[in-house]
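The values are calculated or read from the model by the stated rules, or taken from the named source; none is laboratory data. Predicted, not measured: the structure shown is a model, and the values here were computed from it. Glycine gets a Cβ as well: all are built from the backbone with ideal geometry, and neighbour counts include every protein chain shown. Accessible surface is based on the protein model in full, side chains and every heavy atom, while ligands, DNA and RNA are left aside. Shrake-Rupley method; radii C 1.70, N 1.55, O 1.52, S 1.80 Å.
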Amino acid sequence: MNNMKTQVEEKFSEFFEKWVCQLEEHVQLLLSVSKEKQNEAEVQALVSRVTSHYKEYYTVKWAGAHEDVLAFFTPVWLSPLENVYLWITDWKPSMAFQVIDALRIKTMGPRYSLVEMSEQQVKKIEDLRVKTRLEKEKVEREMERQQVSMADRRMVELARLASRVKEGDVVGHEVLDGLVEVALKELLKGLERVVKGADGVRLKALMGVLEVLSPRQSVDFLAAILTLQIRLRQRGKKRNQNDQADGILVEPPKLV
């Protein structure tokens, strides 16, 4: 198993660990606010702080993806279990709506606010669900187009040319390397657009939900969805440690 990390993987892994630690602190604040009665301004301030934390994550992620987009398709900072739940390098947008569905029918604990959603709120969430699904499908079509481009006519021609370049033909190899570099650059740019498009769907879903919910409902929603992500990470890390202790080599799935 290759433990060598690229510069982008190293930097983002370090950032991600710190970011998750801060996220856990935010979750504790969300849970405490959810149990206590505070004025709406304080509640809204906390929601804004959490969303700013999320936006920081995507700002750093996009900067890293611009340097090395493939690192985000095989994220070494996540456990194999976390990787299983990914949709194009990150969490699935449908998770936001699944959390709302769960909180609307469960009355355990302090999360009563989403049970009391108005008919208008429910309709807006359903409209957002449909819109998010359509945007998700659009990104998936673009991803499929990028995958098809890996085996398009130009790439086939490059493979054919490579087979004809004789060993020791320095000029031929330089020309071939140049053509491959151009083709690869176009492919990576396409994948970078797909990643940003997918993250755009995620952010629109998240911010769209928060626009519909009241500040207190937003606290309950954020506490639930972030706790879910953190627990998945904790379970994934524990499972990974157990597998390594048993001598099982675990690698994240590779981009096909």
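Specify which of the listed residues (Ala63, Ala41) is closer than 20 Å to Lys204 by Cα, among the hydrophobic types (A, V, I, L, M, F, W, C) and loosely packed, with under 14 Cβ neighbours inside 10 Å.
Values: Ala41 fails: closer than 20 Å to Lys204 by Cα.
So the residue among Ala63, Ala41 that is closer than 20 Å to Lys204 by Cα, among the hydrophobic types (A, V, I, L, M, F, W, C) and loosely packed, with under 14 Cβ neighbours inside 10 Å is Ala63.
For Gln38, only one of the following conditions fails: (1) over 24 Å from Arg231 (Cα atoms); (2) in a helix (DSSP H, G or I). What is its number?
(2)
Residue-wise test of (1) at pLDDT below 80; (2) surrounded by 11 or more Cβ atoms within 10 Å (Cβ to Cβ); (3) out of contact with any Leu (no Cβ under 9 Å at 6 or more places or on another chain); (4) over 30 Å from Leu30 (Cβ atoms).
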| position | (1), (2), (3), (4) |
| --- | --- |
| Ile125 | no, yes, no, no |
| Glu142 | no, yes, yes, yes |
| Leu158 | yes, yes, no, yes |
| Gly168 | yes, no, yes, yes |
| Leu179 | yes, yes, no, yes |
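Which of (1) under 19 Å from the mean Cα position of the chain (by Cα); (2) of a type in the set (Ser, Thr, Tyr); (3) open to solvent by less than 70 Å² (accessible area, probe 1.4 Å) is the odd one out, the single condition Ser34 does not satisfy?
(1)
Which of the residues spanning the stretch 192-205 are surrounded by fewer than 21 Cβ atoms within 10 Å (Cβ to Cβ) and of a type in the set (A, V, I, L, M, F, W, C)?
If the condition is that a residue be surrounded by fewer than 21 Cβ atoms within 10 Å (Cβ to Cβ) and of a type in the set (A, V, I, L, M, F, W, C), then Leu203 is the only one that fits.
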